Amino acid sequence: MNRLVNLLREDHDALWRLLDDVTDDTDTTDATGGPARDPVPRRPARRLVALLSAHELAEERVVWPAVRRLCEDGDALARTALSQEDEAKRALRALARLPSGGPGFTACLRTLAGLTRAHLTYEQEQVWPRLESRLTERDDATLARRWRAARRRAPTRPHPWLPARPAVLGTVGPAVAALDRARDALRARTAAGRT
């Protein structure tokens, strides 16, 4: 049992590692004491944006409806989590628009990291124990299967305009994800000099 929570934990572990990578306390002054070039490399920040975007959308499609249905205080748990996710989505969107090394990139990333850490902690300490206590073996297997499918079809960029409603996410999400993946492939080709 605990298949769903194990899958969630895999994502959370990867997110914690990326958060540590991108918020390493690097000195932000140059040799003259002036502001240094933004120390956070773009690649780990992009990986964080992609993983967090996909993770949150999959939660909206699979986890929060299950929490609402199965947990006694599920509506309150889901509302709190979705409010946290909305705040993080706004920071994600702002980060995705900033050039690495540009003004505000590190500050925006640190804001996102703080919001994300608080959200991950909330889920792990408040939501998972309640959800695990209510899951049957069948629910667990079904939700784990749905989670995997949702993660495969999830966008890799933040889309705060997408409502956190499973029916909408199930219809529009895959199309948005396809566009994101096409943009990712184009960016990779451009970066490799094969435009």
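The values are calculated or read from the model by the stated rules, or taken from the named source; none is laboratory data. From a predicted model like this one, the values you see are computed outputs, not experimental measurements. Note that we place each Cβ from the backbone using ideal geometry, even for glycine, and neighbour counts take in every protein chain shown.
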Within the set of pairs 6+ apart or on separate chains, which have a first residue in segment 83-96 that is over 13 Å from residue 109 (Cβ atoms), a second that is in a helix (DSSP H, G or I) and hydroxyl-bearing (Ser, Thr, Tyr), and C-beta atoms under 7 Å apart?
-> 84/122
Segment 103-160, residues that are at pLDDT 95 or above, within 19 Å of residue 44 (Cβ to Cβ) and either in contact with a Phe, Trp or Tyr (Cβ under 8 Å, 6 or more places away or on another chain) or among the charged types (D, E, K, R) (or both) | 117, 120
Criterion: more than 17 Å from residue 21 (Cβ to Cβ) and in a helix (DSSP H, G or I) - qualifying residue of 106, 121, 116 = 121
